[in-house]
Amino acid sequence: MLNRRDLLSGTAGLAAGGLVLPASADAAATTEANSMPGAIDATTFGLHPGSHDDQSRAFANLLRTASDSDVAVFMPPGVYLVSNITLPRRVRLSGVPGATRIVYGGDGHLLLADEAEKIELTGLVFDGANRWIGDHAQGLLDFRRVDEIAMDNCRIVGSGKNGLALQHVSGRVERCTISGAAEAGIYSVEAGRLRISANTVLDCGNGGILVHRWEIGEDGTLVMGNRVERILARNGGTGQFGNGINTYRADNVVIANNSVLDCAFSAIRTNSSSNLQIVGNQAMRSGETAIYAEFAYEGAVINANIVDGAANGISMVNFNEGGRMGVCSGNIVRNLSTQGPYTADPPGFGVGIAVEADCAASGNVIENAPLFGINIGWGEFMRNVVATGNVIRKARTGIGVTVVAGVGPAIITDNMIDGAERGAIVGFEWTRQVTGDLAAEGSDAYRHLTVERNRVS
């Protein structure tokens, strides 16, 4: 139990620092179970849990006072109706997980911070009540230029835009649940040393976890151990929306050990993001390509993921846009479909793994791919590809490879291909099949190809 003597001794010098306790401070002396040691009780500053009145002014005054004296605030269980709160430079705010509920009253934003030093939020529910959010705010919680954020064991529900919007923010977002956001659950732009881990993101309108930059550059965000489910693409498009985890122009990102289910487009989609790791994730029932490295990326490792149910499995493509250099290894890809959320460009949906330039595809297991088990290159876009040691079962074509004049070399060796209807290894010029089964006939007619020691049944 925290008594008044402990409170005063633990915050010695607060009066000199500007914090003047109100006459009701004796009530704070009996506050128990504070999430942050030494925290002051919000009710002693005029906040009333469960009140139907707007408490924005008292809440803002409390946060400013606590920031000036660099102390933490504890909010007892109950509902607090507030709006348009601009956070001061230092905020340490905690509540009782699931029971302390801060509800947005409308007419602008809930919490907004700009150029803050530290924001620490623990055990709080932020309820947007699906109310309108002003054009000046990117999300229900909108934090910009924050030196350090520590958000732990919170819930964000019913945002009219993004749930949590971060811009130029460092720190961590952990063990939080974000659901029912009209846009994305978590939207980060221009991060630095950010960790997004062990969160649950559900039922969002256009995206799950987004890590973006205005221009291509080092980002380094860690997206690890999250659960992302039921992400829609209400804004439509051909992949801009509807992705569980999405990076854009963000280099040096690690996406590991996430479970991503039932997304309208990709479980994991990375655009123009280099030095990328996508490792150990589960991608279930994706509407389009389950795992995608596209456009101007250089360097991507896609390893030890499980894809079950998608229009395409794993794609490392767009050599025409500079996409190159990757390893696709040790993945399981199964149960693909020719149907997607839009009419597919050639060659169509139903490809297990697609690679184009400076890539090694090895040790993957692919089953039930209605178009290609592995597709190597596209038209004139192919260079330096190795496909070895893969197991392909029940694909219309086991491995398709481009034989358009002028393409770079490819080595296709030591693969096991079972039940390929159109042939185990077949050459294409764009969408037109121009060879027989190279696994049986050999590849001597194509100097850029080495096809050897593949087992076909």
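All of the numbers you see were taken from the coordinates with simple rules; none came from a lab. Since this is a predicted model, take the numbers as computed values, not measurements. Heads up, the Cβs are rebuilt from the backbone with ideal geometry, glycines too, and the neighbour counts pull from every protein chain shown.
Taking Cα atoms, how many degrees apart are the long axis of helix 56-69 and the longest axis of the chain, rounded to 10 and kept between 0 and 90? The two axes meet at around 90 degrees.
In what sequence do 136, 448 fall when counting other Cβ within 10 Å, fewest first? List each step's numbers first, then the result.
Working: 136 9, 448 19.
Least crowded to most crowded, the residues run 136, 448.
Listed from fewest to most Cβ neighbours within 10 Å, the set 272, 159 follows the order 272, 159. Structural descriptor for the chain: relative contact order 6 percent, calculated from alpha carbon pairs under 8 angstrom and at least 6 residues apart.
Applying both filters, DSSP loop and at most 15 other Cβ atoms within 10 Å, to the GluC sites (Glu not before Pro) of the range 388-453 gives 421.
Compute the relative contact order of the range 311-457 as a whole-number percentage, counting only Cα pairs closer than 8 Å that sit 6 or more residues apart in sequence. Answer for the range 311-457 is 18 percent.
For P(r) over Cα pairs in 20 Å bins from 0, in percent, the value computed from the atomic coordinates appears in the list [x] 25, 43, 22, 9, 1; [y] 21, 44, 28, 7, 0; [z] 18, 38, 29, 13, 2 under label [x].
Just subtract the alpha-carbon distance of residue 453 and residue 136 from 0.36 nm times their residue separation and send over the number in nm, one decimal.
Details: separation 317, 0.36 × 317 = 114.12 nm, distance 6.16 nm.
Gain on stretching residue 453 to residue 136: 108.0 nm.
Using Cβ point charges alone (K and R +1, D and E -1), the dipole size of the range 61-149 about the Cα centre works out to roughly 200 debye.
Per-residue ellipticity at 222 nm, computed for the chain from helices alone with -39500 (n - 2.57) per DSSP H run of at least four residues, works out to -1500 deg cm²/dmol.
Relative to the Cα centre, what is the charge dipole magnitude of the chain, using +1 at the beta carbon of each Lys and Arg, -1 at the beta carbon of each Asp and Glu, and rounding to the nearest 20 debye?
Here the chain has a charge dipole of around 520 debye.
Over the range 259-330, what is the mean sequence separation of C-alpha contacts under 8 Å (at least six apart), divided by residue count, expressed as relative contact order in percent? The value is 32 percent. In plain terms, the residue of 286, 179, 67, 94 with the fewest other Cβ atoms within 10 Å comes first and the most crowded comes last, giving 179, 67, 94, 286. Each part reduced to its alpha carbon centroid, the range 170-247 and the range 282-325 end up 17 Å apart. In a fully extended conformation the segment linking residue 115 and residue 342 would gain 77.5 nm over its present Cα-Cα distance, using 0.36 nm per residue.
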